[in-house]
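Reviewing the structure listed below.
The values are calculated or read from the model by the stated rules, or taken from the named source; none is laboratory data. All values derive from a computational prediction rather than experimental measurement. Positions of Cβ are backbone-derived with ideal geometry, glycine not excepted, and every protein chain shown enters the neighbour counts.
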Amino acid sequence: MRYIFLSLYLLILSCSYPDIDSVPDFKNLDLSTEESIELCKLTSKKDNGKFVNCIANLYDNEIMPNFKILNISEEDSVKLCKLIYSDRKKLLSCLTDYYIHQDNK
């Protein structure tokens, strides 16, 4: 009899937990740049093409990529700059920023 009451008690308590449908979807999170880069690394799974495309989506024409944080190769940095900038002056500025970062290492 004691086991029946215990099981009824647990059944009543378990009904008070929120439903799995009430869990947030996490699609509107504000991530920092470092967190976004880590997310790109996790989703690309060592595929440099996917990684560069993911990083290019983080930046727009107004924000210059931070090559200190990215730590990518010269070939990938050229691809990234070409994906972000269509204007030659901004493209040149992006590539120059990469090489300046390389000189400071």
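Please verify whether the range 91-100 includes one or more residues that are charged (D, E, K, R) and modelled with pLDDT of 80 or more. Within the range 91-100 (the criterion being charged (D, E, K, R) and modelled with pLDDT of 80 or more), the answer is yes, since at least one residue qualifies. Of all residues in the range 61-105, none satisfies the criterion of being part of a loop (DSSP other than H, G, I, E, B), within 22 Å of the chain's Cα centre (by Cα) and among the basic types (Lys, Arg).
So which of Leu70, Leu80, Leu42, Leu58 ends up being at pLDDT 90 or above and either aliphatic (A, V, I, L, M) or loosely packed, with under 12 Cβ neighbours inside 10 Å (or both)?
Leu80
Counting the residues of the range 32-60 that are part of a helix (DSSP H, G or I) and charged (D, E, K, R) gives 5. Restricting attention to the range 83-95, report how many residues are surrounded by fewer than 14 Cβ atoms within 10 Å (Cβ to Cβ) and within 25 Å of Asp47 (Cα to Cα). Count: 1.
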